[in-house]
Structures are given as C-alpha cells and as structure tokens.
Amino acid sequence: MRAATTSDDWQKSSFSGFGDGNNCLELASTATPAVLLRESVTPATVLTTTPTALAHLLAGIRTGTPA
C-alpha cells in the first residue's frame with residue numbers, strides 16, 4: 001500500500017453527487033505514473049494501478065466487454 005496522500009489530492013467521481021457524503025469513489029494520481037483508487041467509506045484501503053490499466057477497465061465497462 002502506498003503512503004497516505006493529503007485529502008486535497010483526492011478527487012470524487014462526478015457520478016457521486018455533491019457534498020461530503022460517504023458514497024463515492026475517489027481517485028488520486030502520483031508523481032510516478034500511477035492512479036490511486038479508494039472508496040470514501042474505507043479511505044484507508046487504497047488500490048494502486050496504472051493509467052493504462054484503468055483506461056482498459058473503463059473501456060471494458062463502457063462497452064460491456066472484458067478488457
């Protein structure tokens with residue numbers, strides 16, 4: 001797991017709505033080519049991936065086909 005980033009580094013999904021609710025996916029980027037993902041309900045659990053892998057996952061979700 002990567003060292004904690006400040007709360008200013010995290011961005012909410014646009015589908016999460018507005019406000020400070022606990023129902024959202026949050027993303028942060030790092031100086032290295034990595035993307036961090038966490039669920040706001042469990043912010044201590046952070047997944048790390050690459051921008052390319054995340055792009056493939058999102059493409060597969062959008063088209064309904066596995067990446």
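Based on the Cβ-Cβ distance of Asn23 and Ile61, what FRET efficiency does E = 1/(1 + (r/R0)^6) give at R0 = 22 Å, to the nearest 0.05?
0.75
Electrostatic bookkeeping for Leu27 treats Lys and Arg as +1 and Asp and Glu as -1; over the other residues with beta carbon under 9 Å from its beta carbon, the sum is +1.
Rolling a 1.4 Å probe over the protein heavy atoms leaves Val41 with an accessible area of roughly 90 Å². Within the full protein context, the accessible area of Thr48 is estimated at about 70 Å² for a probe radius of 1.4 Å.
The values are calculated or read from the model by the stated rules, or taken from the named source; none is laboratory data. Small disclaimer: the values here were computed from a predicted structure and weren't measured. In this analysis, Cβ positions are derived from the backbone assuming ideal geometry, glycine residues included, and neighbour counts consider all displayed protein chains. Side chains are part of the model used for accessible areas, which takes the heavy atoms of the whole protein and leaves out ligands, DNA and RNA. Shrake-Rupley method; radii C 1.70, N 1.55, O 1.52, S 1.80 Å.
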